[in-house]
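S.K.: Handing you this structure, nothing more for now.
The values are calculated or read from the model by the stated rules, or taken from the named source; none is laboratory data. Note that this is a predicted model, so its numbers are computed, not measured. Cβ: placed from backbone, ideal geometry, glycine included. Neighbour counts: every protein chain shown. Each accessible area value is taken on the protein alone, full model and side chains, heavy atoms only, with ligands, DNA and RNA left out. Shrake-Rupley method; radii C 1.70, N 1.55, O 1.52, S 1.80 Å.
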Amino acid sequence: MIKLIQRLKEEKKAVILAHNYQQPEIQDLADFVGDSLELAREASQLKECRLIVFCGVRFMAETAKILSPGKRVVLPVNEAGCPLADMVTPADVLQMKKKYPGAVVVSYVNTSAEVKALSDVCCTSANAVSVVEKVPAKQIIFLPDRNLGWYVQQRLPEKKILLGNGYCFVHERFTVLEVKTVREKMPEAEIVVHPECKPEVQKLADGVYSTSGMLRRARESPARKMVIGTEVGLLHRLKKENPGKEFYCLGTAKICPNMKKTDLKSVLEALSKEEPEIRLSEEVISLARAALERMLLFV
Ligand code: 13P
Ligand code: SF4
């Protein structure tokens, strides 16, 4: 199957992009693996290819389409969504805007294209603090992740962040008890967590990072053991890129079922049929693109 995928990919001038949470065989097959920000940047810079096979969840494939509208973008599994992204609707954004007319809307990239189209600027977990810092307004409507919003508020007390009430059910499963247990049993390990984790978990960790931030920290940290409070899929790259170090999941392995829906069979099928394609209206693309491009210009 891998050989077939590689042959088809060449024939069709396709590029395979994959998120850090994808299954190991998909990560190993991809032309580029990264976090949401790196994948958005990569999609905006692709020149030669005609077709993008996006191995991740819907909002990421939509982002690739918005930033590369001339290319065909396919998401191998149509049902690979992100429940966090579904926690804010365009109607919610309009309501918040009406309630706080002077505020600037910063939406997490984990949102639908329609929500992005109503936002002033987007951010990812890797650049949320620097985006909000640069926004020329004190009042910020931050949607939808309440934990990432809390993380940003702690670092920018001069801003007034009006929080959405969304959360990632995968990251919310990390607990204070899991952090305390690791501290007791493995005191030499460094504990890093994603900003989608609850505030009480973030407070106890040694560092809070996006998935690319964790990969960087793993390379730079003097610690030989690292425990990660994020989706288990990141372990693959951490281990591959740091053979002399040990990596563990914080508590039980936390799995994002949507990220795991993509497999070799669905990638092969998506490549051959060029479906399911991401289709967005021209208007949504152009409005959402402005919010994403502002983010890419800011950081
Ligand atoms: P990153 O941008 O850190 O890769 O996170 C994406 C995501 O979906 C986290 O759950
Ligand atoms: Fe969405 Fe959470 Fe899965 Fe990330 S880990 S894609 S935020 S459900």
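S.K.: So what's segment 123-257 giving for Cα Rg divided by 2.2 N^0.38 Å, two decimals?
M.R.: Here the answer is 1.07, to two decimals.
S.K.: For every helix of n ≥ 4 consecutive DSSP H residues, a contribution of -39,500 (n - 2.57) applies; sum these over the chain, divide by its total residues, and give [θ] at 222 nm rounded to the nearest 500 deg cm²/dmol.
M.R.: -12500 deg cm²/dmol
S.K.: Sequence gap at least 6, Cα distance under 8 Å: using those rules, report the relative contact order of segment 78-119 to the nearest whole percent.
M.R.: Relative contact order here is 49 percent.
S.K.: Counting only heavy atoms of the protein chains, get the accessible area per residue of segment 135-231 (1.4 Å probe) and round it to a whole Å² value.
M.R.: Per-residue accessible area for segment 135-231 comes out at 43 Å².
S.K.: At a 1.4 Å probe radius, carbon and sulfur cover how many percent of the accessible area of segment 1-121?
M.R.: 51
S.K.: For segment 1-79, what is the accessible area per residue in Å², given a 1.4 Å probe and the full set of protein chains?
M.R.: Spelled out: the 1.4 Å probe surface of segment 1-79, per residue, equals 41 Å².
S.K.: Restricting to bridges with both residues inside the chain, how much of the DSSP beta-bridge set is antiparallel, in percent to the nearest 5?
M.R.: Expressed as a percentage, antiparallel bridges in the chain total about 5.
S.K.: Moving to a separate point now. Could you compute the net charge surrounding residue 164? Neighbours are other residues with a C-beta less than 9 Å from the C-beta of residue 164; K and R count +1, D and E count -1.
M.R.: Result for the neighbourhood of residue 164: -1.
S.K.: Using the reciprocal of the averaged 1/r over all distinct C-alpha pairs, how large is the Kirkwood radius of segment 36-85 in Å?
M.R.: 10.9
S.K.: Keeping all protein chains in place and using 1.4 angstrom, which order do 252, 63, 181 fall into by accessible surface area, from largest down?
M.R.: 252, 181, 63
S.K.: Can you tell me the length gained on complete extension of the stretch residue 206 to residue 286, counting 0.36 nm per residue apart and subtracting the Cα distance?
M.R.: 24.8 nm
S.K.: If you don't mind, another one. What number in nm² do you get for segment 210-299 if you take the convex hull of its Cα atoms and divide its surface by four?
M.R.: Computed as one quarter of the Cα hull surface, the answer is 8.9 nm².
S.K.: Additional query: On a 1.4 Å probe surface of the protein chains, which of 226, 186 comes out largest in accessible area, and what is the full order?
M.R.: The ordering from most to least exposed comes out as 186, 226.
S.K.: With a ≥ b ≥ c the root eigenvalues of the C-alpha gyration tensor of segment 66-195, is it rounded (a/c under 1.5), prolate (a/b larger than b/c) or oblate?
M.R.: Judged from the Cα gyration tensor, segment 66-195 comes out oblate (a/c at least 1.5, b/c at or above a/b).
S.K.: Right, next: Want the number for residue 137 to residue 172: 0.36 nm per residue separation, take away the alpha-carbon distance, what's left?
M.R.: Taking 0.36 nm per residue and subtracting the Cα distance, the gain is 9.6 nm.
S.K.: Now for a separate question. What list of ³J(HN,Hα) values in whole Hz, one per residue of segment 156-169 in order, does the Karplus curve 6.51 cos²θ - 1.76 cosθ + 1.60 (θ = phi - 60°) give from phi, with Gly and Pro shown as x?
M.R.: 10, x, 6, 9, 9, 9, 8, 7, x, 10, x, 7, 9, 5
S.K.: Quick check: residue separation of residue 79 and residue 91 times 0.36 nm, minus the Cα distance between them. What number comes out in nm?
M.R.: Extra length from residue 79 to residue 91 when fully extended: 2.0 nm.
S.K.: Let's test this: bin the Cα-Cα distances of the chain at 10 Å from zero up to the farthest pair and state each bin's percent.
M.R.: That works out to 6, 28, 34, 23, 8, 0, in percent per bin.
S.K.: Using a 1.4 angstrom probe on heavy atoms only, work out the carbon and sulfur share of the accessible area of segment 202-269 in %.
M.R.: Summing carbon and sulfur atoms, their accessible area is 53 percent of the total for segment 202-269.
S.K.: Could I ask something else about it? Calculate the FRET efficiency for residue 32 and residue 130 from the Cβ-Cβ distance with a Förster distance of 22 Å, rounded to the nearest 0.05.
M.R.: 0.45
S.K.: If you take all C-alpha pairs in segment 1-128, what percent of them are over 25 Å apart?
M.R.: That tail contains 28 percent of the Cα-Cα pairs.
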